[in-house]
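J.: Have a look at this one before I ask anything.
Nothing in this text is a laboratory measurement; each read-out follows from the coordinates by a stated rule. Computed from a predicted model, the values in this text were never measured in an experiment. Here the Cβ is made from the backbone with ideal geometry for all residues, glycine too, and neighbour counts use every protein chain on show.
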Amino acid sequence: MNQLVLSVPDISCDHCAKAIAGEVGEVAGVSAVEVDVAAKSVTVTGAADPVAVRSAIAEAGYRAA
């Protein structure tokens, strides 16, 4: 299992976290998503394509740095 950690500077609340987790959780190969509001980061575990993960974050309305 791979782990991908992305900085998402615009995360500011639990609503943001839920929106991102919902979109990223739908990406093929993702087995777990953890959104840390305080650290403004998203940790994805699994064999997902990093480009697809970034696209899902964008679909939720946020930008991975």
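J.: For the Cα atoms of the chain, what angle does the longest principal axis make with the long axis of helix 14-25, in degrees from 0 to 90, nearest 10?
T.: Value to nearest ten degrees: 20.
J.: Run the dipole for the chain about the Cα centre, Lys and Arg Cβ at +1, Asp and Glu Cβ at -1, nothing else charged, and hand back the magnitude in debye, nearest 20.
T.: Roughly 120 debye for the chain.
J.: Continuing with this model, one more query. Taking the chain as the reference, fit the longest principal axis to its C-alpha atoms, fit the long axis of helix 50-59 to the helix C-alpha atoms, and give the angle between the two in degrees, 0 to 90, nearest 10.
T.: Roughly 40 degrees, rounded to the nearest 10.
J.: Just subtract the alpha-carbon distance of Asp49 and His15 from 0.36 nm times their residue separation and send over the number in nm, one decimal.
T.: So the extension gain works out to 9.8 nm.
J.: Residues in region 32-52, backbone N under 19 Å from the label point at Glu59 (7 Å along the Cα-to-beta-carbon vector): list them, ranges by number please.
T.: From region 32-52, the list is 32-35, 42-52.
J.: For the chain, what does -39500 (n - 2.57) per DSSP helix run (n ≥ 4), summed and divided by total residues, give at 222 nm, in deg cm²/dmol to the nearest 500?
T.: Here the helix-only value at 222 nm equals -10000 deg cm²/dmol.
J.: While we're looking at this one, here's another question. For Rg and Dmax of the Cα atoms in Å, one of [x] 17.6, 54; [y] 10.1, 28; [z] 18.6, 52 was computed from the structure I shared and the rest are decoys. Which label?
T.: Entry [y].
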